[in-house]
Protein chains: 2
Amino acid sequence: MSKDSRPGGRSARVRAAVHRATVELVQESGADKVTIPAVARRAGVNPSSVYRRWGTTAALLADVAAQQHEEGAPELLGDLRGDLERTAVWTLADLTRPGGVAFFRAEVAPDVDDRRAGLSECLRRVSGRFRIALEAAAERGEKTPSLEQVLDRVVAPIYFRVVFSIPETDEDYARALVGELCDRG
Amino acid sequence: MSKDSRPGGRSARVRAAVHRATVELVQESGADKVTIPAVARRAGVNPSSVYRRWGTTAALLADVAAQQHEEGAPELLGDLRGDLERTAVWTLADLTRPGGVAFFRAEVAPDVDDRRAGLSECLRRVSGRFRIALEAAAERGEKTPSLEQVLDRVVAPIYFRVVFSIPETDEDYARALVGELCDRG
């Protein structure tokens, strides 16, 4: 590890400042208005450093979303239903926090050059935690739904309802989706 | 009915030309790049006519999407499962035709002023045909799933999979979603 990339080193400080500036700008004016020069100005760093490290606004937004996602990830407790419920509630919280849908929108925006890459990354992030919970249960010898079923029956309705601002899309609703999948298959 | 709004009258011709121009521009450069001056130029009409009639780009896109949607709507044949299957396949086709997701993206775009209105309209359009099929079955005295269940179990997964470009999102898949809902509840 170079001196620059060690935690607390200059590189980590730049990354933190750039992430913070990005989150602020997304919350203030929406992810589609964020530009690298604006982020650099807000973070007090040279735009060329941001371009060198992240390349594009889409890549920067994806990196910020990935980190925010990881930070709040729930601990898995080894009970499949409870783990899926906690992960569903966390997915909902992730999407409904300020700027959450904005990040999603930025990733599905048609003018993002590396859209395919952004989408796979977004889908990987969305499905990753569910996959871990399912794999852990399968290792314990439990019968589990497939990841595809979890995406169709739990994740897709949460996204659909948040994007369309359908009322009563809350934690109870997220848990009920898991309950229905686990109880009725 | 005024002379201008009768089918085949001047107003209808302007609407058809503006719709055609909008569809072409969406397919060429994406819904987020469409502007009223560009549409007017392509349609050979005065921009002020377009502003007067539709007001905003979002309203114009919503009108075009609504009409395209209506045109391809499947006939209901009076068999609930078949009607839901046909409507699901049509929803998928509507979303995957050239420009289909672009229209959806434009409607969920964060910088659309009347976003809430656009979303409700989009949701109304998406759910309208399913509602008709469910109401017809209920009138025949059949037991039906709720519209909410149809949105969660059929429409949401179709949208999710199209937006995230998940492979094998085809007619068989759309029909299987309906089958699972009808067979297992």
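With a 10 Å radius around each residue's Cβ, average the other Cβ atoms per peptide and rank B:152-160, B:18-26, A:141-149, highest first.
B:152-160, B:18-26, A:141-149
Would the range A:23-63 count as rounded, prolate or oblate if I go by the C-alpha gyration tensor, calling it rounded below 1.5 in a/c and otherwise prolate when a/b exceeds b/c, oblate otherwise?
Oblate shape, in that a/c is at least 1.5 and b/c is the bigger or equal ratio.
Tell me, what ³J(HN,Hα) does each residue in the range B:158-171 have, in order and in whole Hz, if you take phi through Karplus 6.51 cos²θ - 1.76 cosθ + 1.60 with θ = phi - 60° and put x for Gly and Pro?
For the range B:158-171, the Karplus curve yields 5, 4, 4, 6, 6, 4, 8, 6, 7, x, 6, 8, 10, 4 Hz.
Based on other C-beta atoms within 10 Å, arrange A:R52, B:R53, B:R86 from fewest to most.
A:R52, B:R53, B:R86
Can you compute 3J(HN,Hα) from phi for each residue in the range A:35-43, using the Karplus curve 6.51 cos²θ - 1.76 cosθ + 1.60 with θ = phi - 60°, rounded to whole Hz and x for Gly and Pro?
So the Karplus estimates, Gly and Pro as x, are 10, 4, x, 5, 5, 4, 4, 4, 7 Hz.
For a Förster distance of 25 Å, can you work out the FRET efficiency between the beta-carbons of B:R131 and A:R184, rounded to the nearest 0.05?
Computed FRET efficiency for B:R131 and A:R184 comes out at 0.55.
For the range B:134-148, take each phi angle, set θ = phi - 60°, evaluate the Karplus expression 6.51 cos²θ - 1.76 cosθ + 1.60, and give the result in whole Hz per residue in order, putting x for glycine and proline.
The phi angles translate into 5, 5, 4, 5, 4, 5, 7, x, 7, 7, 10, x, 7, 4, 4 Hz.
How big is the gap, in Å, between the Cα center of the range B:20-48 and the Cα center of the range B:49-98?
Centre-to-centre (Cα) distance: 19 Å.
Each value in this text was obtained by applying a stated rule to the coordinates, not by laboratory testing. All values derive from a computational prediction rather than experimental measurement. In this analysis, Cβ positions are derived from the backbone assuming ideal geometry, glycine residues included, and neighbour counts consider all displayed protein chains.
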